[in-house]
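Reading through the structure tokens given below for one structure.
Nothing in this text is a laboratory measurement; each read-out follows from the coordinates by a stated rule. Note that the structure is a prediction, hence the values are computed from the model and not measured. Positions of Cβ are generated from backbone atoms using ideal geometry, with glycine treated the same way; all protein chains shown enter the neighbour counts.
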Amino acid sequence: MTALIAIFAGSYVVRWIFAILTAGILFAYSIEGWEPKLRRSRREGFSEEEVKRLAKIVARSRYSEVSRRIIRDHILEAYHLLGYEYSQLGENPPEGLKVLNEPENFMSKLEDSLRLLEEEVK
């Protein structure tokens, strides 16, 4: 299109003006700020698969020590997200973690631990 205008205009100066104009437009589009960056969506909440997986782990925790450790690790991570340091959680754990370490009925202790964690979140 630029070439047709330059041919019809017949001037060497017009060709240079259109060439510089075209180069300027192409340069403007190549600048990084012109194209909007896609924001990465933060994962909010759990996926359905993760919820099912955790439900299986909780169901198995009645009999499996490994499942109990996985649950403790998830609760430990929740406390870390609340601002506790891992070293602090190991030395002086909050009440929600102390409850889980008791060897009695794990399911009732898990409910107590989650209730204490929920109170701490509020």
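Legend: calculated FRET efficiency, SER47 to ASN105, from the Cβ-Cβ distance at R0 = 35 Å, rounded to 0.05, equals 0.70. Candidate cross-link partners of LYS52 among the aspartates and glutamates, defined by an alpha-carbon separation under 20 Å and a same-chain spacing of 8 or more, comprise GLU44, GLU65, ASP73, GLU77, GLU111.
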